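Every read-out reported here was derived from the displayed coordinates using simple, explicitly stated rules and does not represent laboratory data. Worth saying up front: this structure is predicted, and the values here are computed from it rather than measured. Glycine also receives a Cβ, built like all others from the backbone with ideal geometry; neighbour counts cover every protein chain displayed.
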Amino acid sequence: MCKKGWCCNKDAGLLALRIGVGGIFIMTGYMKVSDLPATVGFFATLGFAPFWAYLVSFVELLGGIAVLLGVFTRIAAKLLTIVMIVAIYKTWGNVAVVLTPISVFFSTLTLVLAGGGAYSLMGKLCGCGKCAACEGSDVAKS
């Protein structure tokens, strides 16, 4: 059904995942950043200080851009995974609402484990400086 081409491999799958996850976080991050007073108010109803509203807003926006482009994908995905863990915790009692953060959590976790793939701006470099792809690279030396 699928021949071994550019569109039928794990890197193409990671690209599709990065586009979806990046798009989700760019959209939600932009909505939060574009109306920070409302975001701070919403976070206050959840019991969070304004600092967390600002932090989460910019982590979502900038992390979404990084994931979409494939720049330090694992680092950005780790931060987004933490955001999703808190979202799952805060929505746990509502089955209809908690399913979305759970789905996005597993998507970001997949990017943490697999990296951005070859079709990313950093190619096979994840930015950790420890894995086989990063060893000996300029990223590992910095």
Rg followed by Dmax, in Å, when segment 24-90 is reduced to its Cα trace: 11.6, 34
At 0.36 nm per residue, minus the direct Cα-Cα distance, what do residue 103 and residue 19 gain on full extension? Give it in nm, one decimal, please. 28.7 nm
Pairwise FRET efficiency - residue 110 versus residue 75, Cβ, R0 = 25 Å, nearest 0.05: 0.95
Under-5 Å amide H pairs with residue 70, H placed in peptide plane, nonlocal only: 121
Could you run the Karplus curve 6.51 cos²θ - 1.76 cosθ + 1.60 with θ = phi - 60° over segment 31-42 and give me ³J(HN,Hα) per residue in whole Hz, x for Gly and Pro? 4, 5, 5, 6, 9, 4, x, 5, 5, 4, x, 5
Per-residue HN-Hα couplings for segment 84-100, Karplus 6.51 cos²θ - 1.76 cosθ + 1.60 at θ = phi - 60°, whole Hz, x for Gly and Pro? 5, 4, 5, 4, 4, 4, 6, 10, 4, x, 10, 4, 5, 8, 6, 5, 5
Neighbourhood charge, 13 Å Cβ-Cβ cut-off, centred on residue 63 and excluding it, Lys, Arg +1 and Asp, Glu -1: +3
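Note the full-extension length gain between residue 95 and residue 49 as 0.36 nm times their separation in residues minus their Cα-Cα distance, in nm to one decimal. Working shown, then result.
Values: separation 46, 0.36 × 46 = 16.56 nm, distance 2.60 nm.
Between residue 95 and residue 49, full extension yields 14.0 nm more.
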Filter the chymotrypsin sites (Phe, Trp or Tyr not before Pro) in segment 85-119 down to the DSSP loop ones having no more than 14 other Cβ atoms within 10 Å, then list what survives. 92
Inter-site label distance for residue 30 and residue 8 at 7 Å from Cα along Cβ, in nm: 3.5
The residues 107, 57, 34, sorted from fewest to most surrounding Cβ atoms within 10 Å, come out as 34, 107, 57
Convex hull of Cα atoms in segment 10-141, direction-averaged projection (nm²): 8.4
